[in-house]
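Right, one structure below, let's go through it.
FYI, it's all coordinate maths here, none of it is from the lab. Keep in mind that this is a model prediction, so the values were computed, not measured.
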Amino acid sequence: MIRVIHSNSYYLGYNLDLSNFMGYEQKMVSVTINSVEDVINALNGPAAVAEITSSKGNAVYNWRAANKFPTDTYLLIQSELRARGLVAPDYLWPMRQPAVIKRKRIRAGT
């Protein structure tokens, strides 16, 4: 008899990947961080964020003061946050949104 203690655990020397066993799904809990300062603190401070983004330390302090990150740091910071079970909203990176294209209506019979 095999007793399931936790998915992806070792039991009697066997690696059991039971994440989809009998409908059991492992759910990841994430915490949302809502400010640039909180993101920087969650990633262990300005020096760590500078290393993650290959930026200079004073640049990170400028981001904190402006309360926004440069758009080219989006994937770097978001992937590091996800690895820690954290999430930051997209509005911390001021990206341009695609323009909405309005199409002219063509009336029947014209």
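Taking every eigenvalue of the Cα gyration tensor of the stretch 51-94, multiplying by 5 and rooting it, what semi-axes result, largest first, whole Å?
Working from the Cα gyration tensor, I get semi-axes of 17, 13, 9 Å.
Hey, can you grab everything whose amide H is under 5 Å from the amide H of Val87? Only 5+ residues off in sequence or another chain; H modelled, so Pro and N-termini drop out.
Val31, Thr32, Ile33
Counting only residues 5 or more places away or on other chains, whose amide H sits under 5 Å from the amide H of Trp93 once H atoms are built in the peptide plane?
The list, which skips near neighbours in sequence, is Phe69.
On a full-extension model of 0.36 nm per residue, what is the gain between Asn41 and Lys56, subtracting their alpha-carbon distance, rounded to one decimal in nm?
Using 0.36 nm per residue and subtracting the Cα-Cα distance, I get 3.7 nm.
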